[in-house]
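So the structure is just underneath, and the comments pick up after that.
The values are calculated or read from the model by the stated rules, or taken from the named source; none is laboratory data. Since the model is a prediction, treat every value here as computed from it, not as a measurement. Using ideal geometry, Cβ is built from the backbone for each residue, glycine included, and neighbour counts are taken over all protein chains shown.
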Amino acid sequence: MGAGRYDVIVVGVRIAGAATAMLLARQGLRVLAVDRVSFPSDTVSSHQLQVPGVALLQQWGLLGQLTGADTPPVRRVRLDAGDGLVMDGQFPAHAGADALYSPRRTLLDSILVDAARAAGAEVRENFRVTELTASGDQITGIRGQTRGRRVVTETASLVIGADGKRSLVAGAVGAPRYRERAAQSFASYSYWAGVPVSGGELYQRPGRAVAVFPTNDDLTMVYVAAPMTEFATARADLEGHYLRALDTCGDMGERIRSGSRAERIRTTPDQPNLFRRPHGPGWALAGDAGVVMDSVSAQGMTSGLRDAGLLSAAVVAGLGGSRPLDAALRDHQRQRDRAIRGMYDFTLRLAALSPITAVQRRFLAAVGADQQETSRFLGAFAGIVPPEQYFTLGTALRVFGSRAIRRPPAAGLLAGCD
Ligand SMILES: Cc1cc2nc3c(=O)[nH]c(=O)nc-3n(C[C@H](O)[C@H](O)[C@H](O)COP(=O)(O)OP(=O)(O)OC[C@H]3O[C@@H](n4cnc5c(N)ncnc54)[C@H](O)[C@@H]3O)c2cc1C
């Protein structure tokens, strides 16, 4: 197709990179995908895969491997907003999927890497990209090192950076940033044995968001988000800070203490929020390298899989000659931004971890009293329905009835229940 040895080189082979490599290879492109780590490999991330992400795995024929590894499905979620405000319901189905899964990254990322290989992509592990090669402003390939420090150069028509939020590829090409916001929260999570849960549990407290989901090996993943402004002081005792947050969540603190911690607590303040222009001459970006946001909404993996689908379709069209590559990649940016913008804004509001207002309280109480509305609300919370399509005047009218016309709820509520 092109001048390089490969049609496409993908840098980074986790969620976005492995899925992109797999989809491109399935279309017959010559794909090299490299990662500095070897798989199975863990990473600093909790791992709720939302229903739309699960639907993509199903569409790509990979869901069976997840369920085959005894990853528990979660169909029911209980959202406790404090002071007795509880919404307990099921996610709406989406594209044939009706459950969220929370697979360990050691499992999910390996499933995707294996699928990329099975599709015909050449996957090189333990290969660290150190620079891009270029001819003028056209990116022509990568240079990097094997574990034995052998320097290798490879060429391709297109280099895709799927190398995460601190993307070397984005940095090398100077990809312009937009919609950037300061990091709002830091996150801590760990795995607990002997803390059984029947579904997902979410807790919203002033200054805290907590998520509890079952994962592989009969463990329960427990995640706490707190404001970045507390990070400097919390550092002195991160475990105490984490456990005190759980003590504000009903009997969660007690349940955790009656179980045992199976792994160390991982904490990160590295939660940037930004979009990058995802294309230029000879390069493109996928996943967190292109858009990254706070983990509080647990959307990054689902977005990464969706982005892989959108980008690979654009690349197949562009390199296959059915349309100019730069036009196809510009379309990818438009589609990506449209798909993620509403959730990005919603996530930033959640990440503020603000106390809920009186109007929001009334709204949530009315939602919680109606199973159908609870399901719709959970659908927006999880990105099954784009939040900007749920938090509308129409929803307020449906939930509040004519009271909404006499006394319209605050715009903040409609913009995402913040
Ligand atoms: C605390 C926390 C909790 C989270 N919880 C969730 C959640 O519950 N649900 C959810 O959907 N998302 C969650 N996320 C977000 C999620 O982790 C990311 O969105 C997702 O991992 C992005 O996938 P990616 O493939 O784009 O990038 P990454 O997973 O970051 O993968 C990038 C890959 O590139 C490789 N790489 C980087 N540089 C180089 C180089 N120079 N050479 C070779 N290889 C390189 C890395 O080794 C890595 O394997 C969370 C994030 C954090 C921080």
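Please go through region 36-52 and give me each residue that is over 18 Å from the mean Cα position of the chain (by Cα) and more than 9 Å from the ligand (Cβ to nearest atom), ordered by number. Talk me through it step by step, then tell me what you get.
As a first pass, look at region 36-52 and keep what is over 18 Å from the mean Cα position of the chain (by Cα): 36-40.
Of everything in region 36-52, those that are over 18 Å from the mean Cα position of the chain (by Cα) and more than 9 Å from the ligand (Cβ to nearest atom) turn out to be S38, P40.
Is it the case, given these coordinates, that A262 is on the phi < 0 side of the Ramachandran plot, among the hydrophobic types (A, V, I, L, M, F, W, C) and either within 21 Å of the chain's Cα centre (by Cα) or within 13 Å of the ligand (Cβ to nearest atom) (or both)? Break it down into steps so the answer makes sense when it comes.
Values: on the phi < 0 side of the Ramachandran plot: yes; among the hydrophobic types (A, V, I, L, M, F, W, C): yes; either within 21 Å of the chain's Cα centre (by Cα) or within 13 Å of the ligand (Cβ to nearest atom) (or both): no.
Against the criterion (on the phi < 0 side of the Ramachandran plot, among the hydrophobic types (A, V, I, L, M, F, W, C) and either within 21 Å of the chain's Cα centre (by Cα) or within 13 Å of the ligand (Cβ to nearest atom) (or both)), A262 does not qualify.
Of the residues that make up region 207-229, is at least one modelled with pLDDT of 95 or more, acidic (D, E) and in the same structural domain as G300 (by TED's automatic domain parsing)?
So the first thing to find is which residues in region 207-229 are modelled with pLDDT of 95 or more, and the list is 207-229.
Checking which are acidic (D, E) leaves us with 217-218.
Among the residues that remain, those that are also in the same structural domain as G300 (by TED's automatic domain parsing) are: none.
Within region 207-229, none of the residues are modelled with pLDDT of 95 or more, acidic (D, E) and in the same structural domain as G300 (by TED's automatic domain parsing).
Among the strands (runs of 3 or more DSSP E) contained in region 53-172, which hold 2 or more residues that are under 20 Å from the mean Cα position of the chain (by Cα)?
Working: elements: 76-82, 85-90, 122-124, 128-135, 138-145, 151-161.
Ranges flagged: 76-82, 151-161.
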Response to the item:
Of the conditions (1) more than 16 Å from the ligand (Cβ to nearest atom); (2) among the hydrophobic types (A, V, I, L, M, F, W, C); (3) closer than 30 Å to T220 by Cβ; (4) touching a residue at least 12 places away in the same chain (Cβ under 8 Å), the single one that A369 does not satisfy is (4)
Worksheet item: Could we say that T67 is within 12 Å of the ligand (Cβ to nearest atom), surrounded by fewer than 23 Cβ atoms within 10 Å (Cβ to Cβ) and at pLDDT 95 or above here?
Response: no
Response to the item:
Counted residues in region 134-152 being among the β-branched types (V, I, T) and within 14 Å of the ligand (Cβ to nearest atom) come to 4
Worksheet entry | Near pairs, Cβ below 6 angstrom, 6+ apart or cross-chain, from region 191-218 (among the charged types (D, E, K, R)) to any residue that is part of a loop (DSSP other than H, G, I, E, B) | R205/T248
Response to the item:
Filter region 252-289 for residues that are basic (K, R) and either free of Cβ contacts under 8 Å to residues at least 40 places away in the same chain or buried (at least 22 other Cβ atoms within 10 Å of the Cβ) (or both); the one that is nearest to L329 (Cα to Cα) is R276
Discussion item. Against the conditions (1) buried (at least 19 other Cβ atoms within 10 Å of the Cβ); (2) part of a loop (DSSP other than H, G, I, E, B); (3) hydrophobic (A, V, I, L, M, F, W, C), where does V44 fall short? Just the number, please.
Written reply: (1)
Worksheet item: For F127, all conditions in the list (1) surrounded by fewer than 19 Cβ atoms within 10 Å (Cβ to Cβ); (2) within 18 Å of T43 (Cβ to Cβ) hold save one; what is the number of the exception?
Response: (1)
Response to the item:
Just one listed residue, out of G84, G144, G89, is buried (at least 17 other Cβ atoms within 10 Å of the Cβ) and closer than 30 Å to I356 by Cα, and it is G89
Practice prompt. Tell me, yes or no, whether region 309-321 has at least one residue that is under 30 Å from V31 (Cβ atoms), part of a helix (DSSP H, G or I), within 16 Å of the ligand (Cβ to nearest atom) and without any contact (Cβ under 8 Å) to a residue 60 or more places away in the chain.
Written response: yes
